[in-house]
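What follows is a short report on a single structure.
The values are calculated or read from the model by the stated rules, or taken from the named source; none is laboratory data. Note that this is a predicted model, so its numbers are computed, not measured. Because the Cβ atoms are built from the backbone with ideal geometry, glycine has one as well, and the counts that use them run over all protein chains shown.
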Amino acid sequence: MDPFDKRLLFVTGKGGVGKTTVAYALGLAAAVAGKRAIVCEIASQERGADLFARKPIGFEETRLAKGLWALSVDPDELVHEYLQTHMPVRAMAELLHRSRLFTYLAAATPGLAEMVTMGKVWELAQTPRKAPGRSRTYDVVIVDAPATGHGVGLLRTPRTFREIARVGPLANQARRIEETLTDPRMTAITIVARAEEMAVNESIGLEEALTGAPEGAFAVDRVYVNGLYPRRFTDDERSELEALGSTVGDGPAGSALSAATEEIARVAAQSAQLDRLRAGVEAPVVELPFLFAPRIGRAELDILAEALT
């Protein structure tokens with residue numbers, strides 16, 4: 001099943017592997033496929049604004065390209081929106097949100113920020129929308145989730161709240177969200193990795209943590225391996241370059257040979273880690289190219305989006 005046919009698409013993985021870049025590339029790929037997509041950044045990261053050379057997105061659903069919107073989650077705004085959605089009288093919601101006591105209690109409640117975050121992610125995927133003043137609907141919601149352990153914790157938050165609350169509106173909402181997250185027809189979890197030892201180890205462990213739970217297991221749909229160097233030399237050419245090693249001096253030819261052999265070694269190391277990753281995970285592994293650019297912008301995202309389609 002195409003991941004863009006699902007309502008929710010979570011992107012997680014080890015920190016520093018290009019998770020946010022891949023999330024926005026997926027958003028562009030979904031838009032090219034004719035979907036209305038939104039990328040939801042968790043914890044007000046605002047990296048999408050830099051990628052598209054835009055002003056900070058904030059807690060507004062902002063159009064970045066044809067068919068693609070973005071939203072940067074603000075926990076305080078989420079609590080406010082939750083009150084507006086669930087309180088019977090709007091004025092009562094405003095009064096409660098301005099209350100210092102409520103603000104203190106909300107901040108002191110473990111996991112509340114994560115729960116309202118998951119509530120917002122779920123709300124973005126609803127048709128029709130439930131949040132006040134939000135009428136635009138989306139075909140796919142792409143969540144730039146926290147890295148590895150925090151990402152797993154975020155996905156498990158609705159189950160935790162359901163078990164704690166047991167009854168009431170929060171428990172009912174947590175149950176609905178949990179059912180959506182654990183339904184492979186509705187939700188896809190994708191892992192972003194690098195072809196490096198630590199990133200591969202963490203990705204293998206992350207898939208096990210997501211899929212191995214006795215109850216409420218999540219389906220990992222894809223593993224995206226980011227930043228793969230191109231294989232520029234054939235086996236015969238590599239042998240010829242190795243044979244030249246003792247005959248080339250320290251001049252320009254020597255520098256060129258040194259650069260070539262270093263790249264051959266890097267590609268070989270990546271290939272070995274890629275093989276180890278394929279052997280260690282159940283999900284299909286998708287390769288993404290290294291982008292030779294001083295900074296990642298729209299042009300580079302388009303390259304990745306094309307690779308993803």
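Structural remarks
- Residue within the range 67-75 that is of a type in the set (A, V, I, L, M), buried (at least 23 other Cβ atoms within 10 Å of the Cβ), in a strand (DSSP E or B) and modelled with pLDDT of 95 or more present: yes
- Criterion applied to Thr190, Thr211 was being surrounded by fewer than 21 Cβ atoms within 10 Å (Cβ to Cβ) and either in contact with a Phe, Trp or Tyr (Cβ under 9 Å, 6 or more places away or on another chain) or closer than 21 Å to Thr20 by Cβ (or both), and the one residue passing it is Thr211.
- For the range 4-15, the condition holds for no residue, the condition being that it is on the phi > 0 side of the Ramachandran plot and in a loop (DSSP other than H, G, I, E, B).
- Where a residue in the range 111-131 is farther than 19 Å from Arg162 by Cβ and without any contact (Cβ under 8 Å) to a residue 60 or more places away in the chain and its partner, wherever it lies, is surrounded by fewer than 21 Cβ atoms within 10 Å (Cβ to Cβ) and β-branched (Val, Ile, Thr), with Cβ under 9 Å and at least six apart: Thr127/Thr137; Pro128/Thr137; Arg129/Thr137; Ala131/Thr85
- Filter result (surrounded by fewer than 16 Cβ atoms within 10 Å (Cβ to Cβ) and in contact (Cβ under 8 Å) with a residue 60 or more places away in the chain) within the range 46-60: Ala53
- Subset of the range 255-290 (residues that are among the hydrophobic types (A, V, I, L, M, F, W, C), in contact (Cβ under 8 Å) with a residue 60 or more places away in the chain and more than 29 Å from Ala243 (Cβ to Cβ)): Leu277, Val281, Ala283, Val285, Val286, Leu288
- Those residues of the range 11-62 which are aromatic (Phe, Trp, Tyr) and farther than 25 Å from Arg194 by Cβ, in sequence order: Phe59
- Flag if Ala30 is surrounded by fewer than 19 Cβ atoms within 10 Å (Cβ to Cβ) and either touching a residue at least 40 places away in the same chain (Cβ under 8 Å) or not in a loop (DSSP other than H, G, I, E, B) (or both): no
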